[in-house]
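S.K.: This is the structure I have questions about; it appears just below.
The values are calculated or read from the model by the stated rules, or taken from the named source; none is laboratory data. Note that the structure is predicted; figures quoted are calculated from it, not measured. In this analysis, Cβ positions are derived from the backbone assuming ideal geometry, glycine residues included, and neighbour counts consider all displayed protein chains.
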Amino acid sequence: MLKDQVVFITGASSGIGALCAQMLIEEGAIPILAARSRDKLEEIGASLNGQHELLTLDVTNDEQVQAAISNMLEKYGRIDILLNNAGYGKFAAMTDMTVQEFDEMMDVNYMGIVRCTKAVLPHMLKRGTGQIVNVASMAGKIGTAKSASYTATKHAVLGFSNALRQELRKTGLKVTTINPGPIDTPFFHRADPSGNYVNNVRWMMLKPEDVAKHMVQAMKKRKEEVNLPRMASAGIWLYQLFPRLADRLSHGFMNQK
């Protein structure tokens with residue numbers, strides 16, 4: 001089903017973005033890997049066996065986003081799937097983070113998705129087909145201490161995705177959200193440089209290969225939402241039904257940062 005599909009991937013120079021690219025090639029798709037670091041992109045590119053593209057792209061730059069999407073549309077004639085994967089986190093108390101840090105994280109994690117989606121959406125609407133896959137997080141559904149900034153960005157991603165899904169319901173386009181828990185990737189090199197949080201939750205960390213497989217499956221089956229691990233779906237349901245009780249009961253377990 002993904003054979004010959006053109007898939008534009010942001011944040012593709014490491015982690016689940018890079019893994020998705022290789023899996024998509026194995027499915028016969030053509031991944032376009034976009035990220036800020038050219039060196040890391042070329043390193044990933046050297047390991048890929050199949051047709052692909054490498055693009056240096058900063059998702060906070062309007063002109064770069066527009067140019068990248070336009071260039072790929074001109075070259076391939078279409079972008080079938082947009083995988084908005086670029087993002088980062090920093091785990092710190094509210095009092096230890098500046099307003100500028102909040103602003104910068106929102107600009108990448110949320111506005112980066114808005115920019116890329118807005119750039120590709122007119123083309124998809126014209127064709128009457130396409131899929132927008134936004135990587136959010138369990139943090140977008142359940143907030144925890146020392147992640148106010150990151151959690152807010154992922155809440156924004158989920159709100160944007162859910163509203164856009166309704167807006168596009170009868171257009172032939174699909175909007176998908178991926179909501180993983182902690183994944184064993186370089187994400188934590190920046191989010192948790194001390195390693196304390198990783199050590200506390202290592203037992204429950206998801207394998208990046210497993211998450212990437214679920215993401216590719218979501219593209220193949222055009223799913224609307226994927227929550228990982230799957231058992232977390234029940235916890236989210238209970239949290240949404242009884243938020244105050246869930247906050248009190250889960251405080252010690254959830255706040256491992």
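S.K.: When you go through ILE25, ILE44, ILE16, ILE69 one by one, which is the residue that is assigned to a helix (DSSP H, G or I), of a type outside the set (Ser, Thr, Tyr) and under 15 Å from the mean Cα position of the chain (by Cα)? Walk me through how you get there before you give the answer.
M.R.: Numbers: ILE25 fails: under 15 Å from the mean Cα position of the chain (by Cα); ILE44 fails: under 15 Å from the mean Cα position of the chain (by Cα); ILE69 fails: under 15 Å from the mean Cα position of the chain (by Cα).
One residue alone meets the criteria, ILE16.
S.K.: Does the range 182-198 contain at least one residue that is part of a loop (DSSP other than H, G, I, E, B), of a type in the set (Ser, Thr, Tyr) and modelled with pLDDT under 95?
M.R.: Initially, the range 182-198 is screened for residues part of a loop (DSSP other than H, G, I, E, B), giving 182, 184-186, 192-195.
Those still in the list that are of a type in the set (Ser, Thr, Tyr) too: 185, 194.
When the remaining residues are screened for being modelled with pLDDT under 95, the result is 185, 194.
Yes, because at least one residue in the range 182-198 is part of a loop (DSSP other than H, G, I, E, B), of a type in the set (Ser, Thr, Tyr) and modelled with pLDDT under 95.
S.K.: Is there any pair linking a residue in the range 66-83 that is closer than 16 Å to GLY28 by Cα to one that is part of a helix (DSSP H, G or I) and among the aliphatic types (A, V, I, L, M), with Cβ under 8 Å and at least six apart or on different chains, and which?
M.R.: Pairs found: ILE79/ILE69; ILE79/MET72; ILE79/LEU73; ILE79/VAL120; ILE79/MET124; ILE81/MET219.
S.K.: Restricting to the range 122-143, and then to whatever is crowded, with 19+ Cβ neighbours inside 10 Å and aliphatic (A, V, I, L, M), can you tell me which residue is modelled with the lowest pLDDT?
M.R.: Quick first cut of the range 122-143, residues crowded, with 19+ Cβ neighbours inside 10 Å only: 124, 130-142.
Now narrow it down to the ones that are aliphatic (A, V, I, L, M): 124, 132-133, 135-136, 138-139, 142.
Details: MET124: 98, ILE132: 98, VAL133: 98, VAL135: 98, ALA136: 97, MET138: 89, ALA139: 89, ILE142: 84.
Among those residues, the one meeting the criterion is ILE142.
S.K.: Another question, if that's okay. Please work out which one of (1) on the phi < 0 side of the Ramachandran plot; (2) crowded, with 17+ Cβ neighbours inside 10 Å; (3) not polar (S, T, N, Q) is the condition GLY15 fails and give its number.
M.R.: Every listed condition holds for GLY15 apart from (1).
S.K.: Here is a follow-up. Quick check on my filter: what residues within the range 29-56 are closer than 21 Å to VAL114 by Cβ and either buried (at least 24 other Cβ atoms within 10 Å of the Cβ) or touching a Phe, Trp or Tyr at 6+ places or on another chain (Cβ under 6 Å) (or both)?
M.R.: Initially, the range 29-56 is screened for residues closer than 21 Å to VAL114 by Cβ, giving 32-36, 55-56.
If the condition is that a residue be closer than 21 Å to VAL114 by Cβ and either buried (at least 24 other Cβ atoms within 10 Å of the Cβ) or touching a Phe, Trp or Tyr at 6+ places or on another chain (Cβ under 6 Å) (or both), then ILE32, LEU33, ALA34, ALA35 are the ones that fit.
S.K.: Does any residue of the range 239-252 turn out to be surrounded by 17 or more Cβ atoms within 10 Å (Cβ to Cβ), more than 21 Å from the chain's Cα centre (by Cα), among the charged types (D, E, K, R) and at pLDDT below 70?
M.R.: Of all residues in the range 239-252, those surrounded by 17 or more Cβ atoms within 10 Å (Cβ to Cβ) come to 239, 246.
Among the residues that remain, those that are also more than 21 Å from the chain's Cα centre (by Cα) are: 239, 246.
Next, only the ones that are among the charged types (D, E, K, R) stay: none.
No, the range 239-252 has no match at all.
S.K.: Pairs, please: C-beta under 6 Å, at least 6 apart or cross-chain, first residue on the phi > 0 side of the Ramachandran plot and in the range 25-41, second basic (Lys, Arg)?
M.R.: Partner pairs satisfying both residue conditions: GLY28/LYS3.
S.K.: Quick one: how many residues across the range 92-107 are farther than 13 Å from ALA152 by Cβ and surrounded by 11 or more Cβ atoms within 10 Å (Cβ to Cβ)? Before the answer, list the steps.
M.R.: Step one: filter the range 92-107 for residues farther than 13 Å from ALA152 by Cβ, giving 92-93, 95-96, 98, 100.
Of the ones still in play, those that are also surrounded by 11 or more Cβ atoms within 10 Å (Cβ to Cβ) are 92-93.
Result for the range 92-107: 2.
S.K.: For LYS146, which of the numbered conditions (1) at pLDDT 70 or above; (2) on the phi < 0 side of the Ramachandran plot; (3) surrounded by 14 or more Cβ atoms within 10 Å (Cβ to Cβ) fails to hold?
M.R.: Exception for LYS146: condition (2).
S.K.: Give the residue that is nearest to GLN166 (Cα to Cα), with candidates limited to residues of the range 84-135 that are under 12 Å from the mean Cα position of the chain (by Cα), part of a strand (DSSP E or B) and not hydrophobic (A, V, I, L, M, F, W, C).
M.R.: ASN134
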